[in-house]
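K.L.:
One structure is given below, represented as structure tokens, and several questions about it will come after.
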Amino acid sequence: MKEFGNAKENYDNTPIPAGLREHVQAGIQMGKANYRRQRRRTAQRWIATAACFGLLLAGLNLSPSIASAAANVPVLGGLFQVLTFVDYSKSEDGINYDISAPKVETESSLAEKVNAAIQEKVDQHLAKARQDWDDYREAFFATGGTEEEWGSREMDVSIDYEIKSQTEEQVSFVVSFAESWVSAYEEHYYYNLNLAENRELTLRDVLGEDWVVACNTAIQKQIAESVDASGFTYFFAPDKGGFTTVDEDTGFYIREDGAAVVCFPKYSIAAGAAGNVEFVVQ
Amino acid sequence: MTKEDILTQYIVENQAGFYRLAYSVLKNPDDALDAVQTAVCHALERQGSLRDTGAVRSWFYRILMNTCNDALRQRGRTVPFPEDLEPSQEDREPADDTLSRRVDALPAEVGTVIKLRFYEEMTLKEISQITGQNLNTVKSRLYAGLKKLRVTMEGVETL
């Protein structure tokens, strides 16, 4: 096909943007992480199920050996009494649900409040996912999509959590809500609870009165360090929607070593390729 | 080498090709970059469904095409900023653009077959695997496209 010679040459000469490599690397990392998480979750569920059977059969209090075995399961850890999770997977109307939402199991007003807040977010997230999926399907067929093209399209909806740190008195965890279909979308909520004092911890509790200055200094320093030799950084300039200051609503968690880690959602202060960005404030 | 290594290496080595195809469908560098990133992410996430590492190309391109088509549909239901769809200043005008332009003006499903066949030099069987359509549909789209382009059909291989 000689006629296509020039057209193919034009096509082959499509300019490749410098950012391609970063985008591909970000995709690889995100994909690998999601793949690992799915696999780990399958394993976790198995362990959790096995642990539940252990409890049913013997009872945690009656069997010190099971109790100590459960305490050694990394997922359940020593949080057995504090955090449990509502865990289920199902597929319905083309949506795969993979839900693992935490619940604080102490008899306190704080636990009630946090559980209610999490439950509300879970309900909102599931309703939004169903709505998005319906809208998408409607738009797909309205714009000429066929059943054949629709094929076996599915949406993945997941809720997961990660315990960042935990001591006798306090627990810090993050709940992630994700929707994955056309584009991946993920939201994180951070919870830092002081169980002894029955209240939520703030950045002021962790970093002291000067918490705003401490955070801003650390963040600005890390953003400045991210600029590479060619002057490129994922972070937006402050006057172009970039980072200006932390405030009461800024999400954070407490690391094992006690350091506060301040978190910003994807796109909020940096290009999407950077994903969610985190800054350690010592 | 594990399956993941093979897949990662394939992606890294062929990323320019992914971008070219995504750009030819979406006509916007940022959208094309996003589509490549999303497709790469999905591919690694679903590496379990890659049964035969020898067929990694058609397996990956299928994910990429789905991502691009979804982005197009997504665009259809949001009102784009006017400048989004204008070619940006960096976009280079092709030197001899008559056929290129006519290929770009083809309906999406026909244009895809033409691009995969003549730009990416894939077989019709591969194109059928990538687009999820049977071989006869692919053939009929190829001929329809060529007819629209008024390119002589002589010498067009069908397999």
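K.L.:
Among the residues of the stretch B:112-147, write down those that are crowded, with 21+ Cβ neighbours inside 10 Å, facing another protein chain (nearest Cβ under 9 Å) and in contact (Cβ under 8 Å) with a residue 40 or more places away in the chain.
P.N.:
The answer is B:LYS115, B:TYR119, B:THR131.
K.L.:
Can you tell me which residue in the stretch A:177-203 is farthest from the other protein chains (Cβ to nearest Cβ), limited to those that are under 24 Å from B:ALA71 (Cα atoms) and not acidic (Asp, Glu)?
P.N.:
A:PHE177
K.L.:
Which members of the stretch A:75-115 meet the condition of being modelled with pLDDT of 75 or more, outside any strand (DSSP E or B) and among the charged types (D, E, K, R)?
P.N.:
A:ASP93, A:GLU112, A:LYS113
K.L.:
Continuing with this model, one more query. Of the residues that sit in the stretch A:186-227 and are among the small types (Gly, Ala, Ser) and assigned to a loop (DSSP other than H, G, I, E, B), which one is farthest from A:ASP160 (Cα to Cα)?
P.N.:
The selected residue is A:GLY208.
K.L.:
Just a yes or no: is a residue in the stretch A:228-241 of a type in the set (A, V, I, L, M, F, W, C) and assigned to a strand (DSSP E or B)?
P.N.:
Taking every residue of the stretch A:228-241 in turn, at least one turns out to be of a type in the set (A, V, I, L, M, F, W, C) and assigned to a strand (DSSP E or B).
K.L.:
Quick one: is A:GLY145 of a type in the set (Gly, Ala, Ser) and on the phi > 0 side of the Ramachandran plot?
P.N.:
No, not satisfied.
K.L.:
A further question follows. Which members of the stretch A:256-269 meet the condition of being closer than 22 Å to A:MET30 by Cβ and in a loop (DSSP other than H, G, I, E, B)?
P.N.:
Correct list: A:PRO265, A:LYS266, A:TYR267, A:SER268, A:ILE269.
K.L.:
Looking at this structure, is B:TYR61 buried (at least 21 other Cβ atoms within 10 Å of the Cβ) and touching an Asp or Glu at 6+ places or on another chain (Cβ under 9 Å)?
P.N.:
It is true that B:TYR61 is buried (at least 21 other Cβ atoms within 10 Å of the Cβ) and touching an Asp or Glu at 6+ places or on another chain (Cβ under 9 Å).
K.L.:
Filter the stretch A:14-41 down to the residues that are polar (S, T, N, Q) and assigned to a helix (DSSP H, G or I), then identify the one that is modelled with the lowest pLDDT.
P.N.:
A:GLN38
K.L.:
Please go through (1) within 11 Å of another protein chain (Cβ to nearest Cβ); (2) buried (at least 21 other Cβ atoms within 10 Å of the Cβ); (3) over 23 Å from A:ASN10 (Cα atoms) for B:SER24 and return the number of the only condition it doesn't satisfy.
P.N.:
Unmet condition: (3).
K.L.:
Separate question: If you check every pair at least six apart or on different chains, which have Cβ atoms under 6 Å apart with a residue in the stretch B:63-76 that is at the interface with chain A (Cβ under 10 Å from one of its Cβ atoms) first and a residue that is of a type in the set (Val, Ile, Thr) and assigned to a helix (DSSP H, G or I) second?
P.N.:
B:THR67/B:THR38
The values are calculated or read from the model by the stated rules, or taken from the named source; none is laboratory data. These numbers come from a predicted model, not from an experiment. Cβ atoms come from the backbone with ideal geometry, glycine included; neighbour counts cover every protein chain shown.
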